[in-house]
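What follows is a single structure, written as structure tokens, with notes after it.
Read the figures in this text as sums done on the coordinates, not as results from a lab. Remember, it's a predicted structure, so these values are computed and weren't measured experimentally. Positions of Cβ are generated from backbone atoms using ideal geometry, with glycine treated the same way; all protein chains shown enter the neighbour counts.
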There are 2 protein chains.
Amino acid sequence: MDFMGAISKDGLNIANKSREIVRKKIKEVLGDKINQFNEKELGIIERVVHATADPEYAKLLVFKNNPIESGIKAIKNKTPIVTDVNMIKVGIRYDNVHCYIDHPKVYDVAKKEGITRAMASMRFAKDLIDGGIVVIGNSPTALFEVIRLIKEENIKPKLVIGVPVGFVQASESKENLRKLDIPNITTIGPKGGTPVAVSIINGIIAYAKDERA
Amino acid sequence: MDFMGAISKDGLNIANKSREIVRKKIKEVLGDKINQFNEKELGIIERVVHATADPEYAKLLVFKNNPIESGIKAIKNKTPIVTDVNMIKVGIRYDNVHCYIDHPKVYDVAKKEGITRAMASMRFAKDLIDGGIVVIGNSPTALFEVIRLIKEENIKPKLVIGVPVGFVQASESKENLRKLDIPNITTIGPKGGTPVAVSIINGIIAYAKDERA
């Protein structure tokens, strides 16, 4: 088993022991509510708690419109993934991931229109996002732009993982995403971030590989 | 001001508003203990809480042996930084950052000796770590190896940021680091991770730039 990229015995031992503890902590946090989640959702919750050492995420993660199933299918079809920041891009174990935040055109548009680079990068990636997967772990403005593309420009991503972090606008952006009928995974409140986003999408990629094998 | 890489008015507004909230939350968490930290340390704490939306970090961060001063000096001297994972490498705003976890030789050593790749990558980077800066946000075994290099091979980094995340070995590795007389920044307990590591080192890099200007 290649859990969390571990190839050594030490790496596997740590991963397995950690898994046990993580499962126990999730049970403590969720209590009876653990039955509201299916096995695949619980697997994703495990990965997020593993990546953050923060069991509170078991209460914060929300799965809407069968996002895992839609994500697995999209990954099997080699669907492109668009991310808001490069840290997320390099963390994803998949060879069709794109991030345009450092693209010169994105930089120009952001400066000219007075919008964030992350926001401009989503507008720039519009054609990839239509039918694609979006993974946002940092920028609420990027997520607001994806929501706008969906509502106003009829763009239809197969999955939006929207877990921007922060005390300003992050909660609101995720709340707005949850209202759409697009498959989405979010967190409630200000928490989120790169490890949360990466562990969710890598979990879905791992499911897609398992089903393919 | 180029706070958190924001170049747009939107980006700056979010960053400034967030800063206010973050400062308030840190005060709530620390109470009178806020006076134990100097201004630069509080700046780093702010960045970490900003990056995680988790005010608990104000209670978890530990600064030992003047790590910020040592780090600023090292950055001004263009000292190399070694990281445990690529996600941290790409998040750091500095042009002398190295990560060897994907190096073929590191892969071979890890497999042959049954150790983690992160651990093998620190051994591989020994010469850079001597007099260098280490930033570990994920792998406890990488941090244990750096501690071993310091104790057994007389390697002397200018600064070790050791914030591996996880329920297995992470706390212990950080506890061991705090016992050394090397400048170090750690978190108490299992919490830590990529955004914590990146926000700490980027804060120190920002201080170094400010002082240079």
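Points worth noting:
- The range B:39-83 and the range A:186-207 have Cα centres separated by 25 Å.
- Other protein chain C-beta atoms within 10 Å of residue C-beta, averaged over B:49-59: 4.
- Per-residue average of Cβ from other chains inside 10 Å of A:135-147: 1
- Average beta carbon contacts from partner chains per residue of B:160-171, 10 Å cutoff: 4
- The overall shape of the range B:54-106, judged from the alpha-carbon gyration tensor, is oblate: a/c is not under 1.5, and a/b is no greater than b/c.
- Three-way shape label, the range B:8-85, alpha-carbon gyration tensor, a/c 1.5: oblate
- Taken about its Cα centre, the protein assembly as shown carries a charge dipole of about 20 debye when Lys and Arg each add +1 at the Cβ and Asp and Glu each add -1 at the Cβ.
- Dipole magnitude (debye, nearest 20) for chain A, charges at Cβ of Lys, Arg, Asp, Glu: 140
- Label sites at residue B:39 and residue B:212, each approximated as a point 7 angstrom past Cα along Cα to Cβ, lie 2.1 nm apart.
- Secondary structure note: in the protein assembly as shown, about 25% of the DSSP beta bridges are antiparallel.
- Overall form of the range B:114-213 per C-alpha gyration tensor (a/c, 1.5; a/b vs b/c): oblate
- Rough spin-label spacing in nm, given labels placed 7 Å along Cα→Cβ, for residue A:156 and residue A:105: 2.5
- Helix-derived mean residue ellipticity, 222 nm - over the protein assembly as shown, DSSP H n ≥ 4, -39500 (n - 2.57), to 500: -17000 deg cm²/dmol
- Relative to the longest principal axis of the Cα atoms of chain B, the long axis of helix B:104-113 lies at roughly 60 degrees.
- Angle between chain B longest axis and helix B:39-52 axis [Cα atoms, degrees, rounded to 10]: 80
- Surrounding net charge for residue A:197, when Lys and Arg each add one and Asp and Glu each subtract one, Cβ distance under 15 Å: +3
- DSSP assigns beta bridges within chain A; of those with both partners inside it, close to 25 percent run antiparallel.
- Cross-link pairs exceeding 21 Å in C-alpha to C-alpha distance, out of B:64/B:151; A:17/B:89; A:191/B:59; A:73/A:209, comprise A:17/B:89.
- In chain A, excluding the sites themselves, the longest stretch lacking any of the trypsin sites (Lys or Arg not before Pro) that are in a DSSP loop with at most 15 other Cβ atoms within 10 Å is A:94-178.
- Rg over Rh for the protein assembly as shown works out to 0.95, both radii taken from alpha-carbon positions and Rh defined as the Kirkwood radius.
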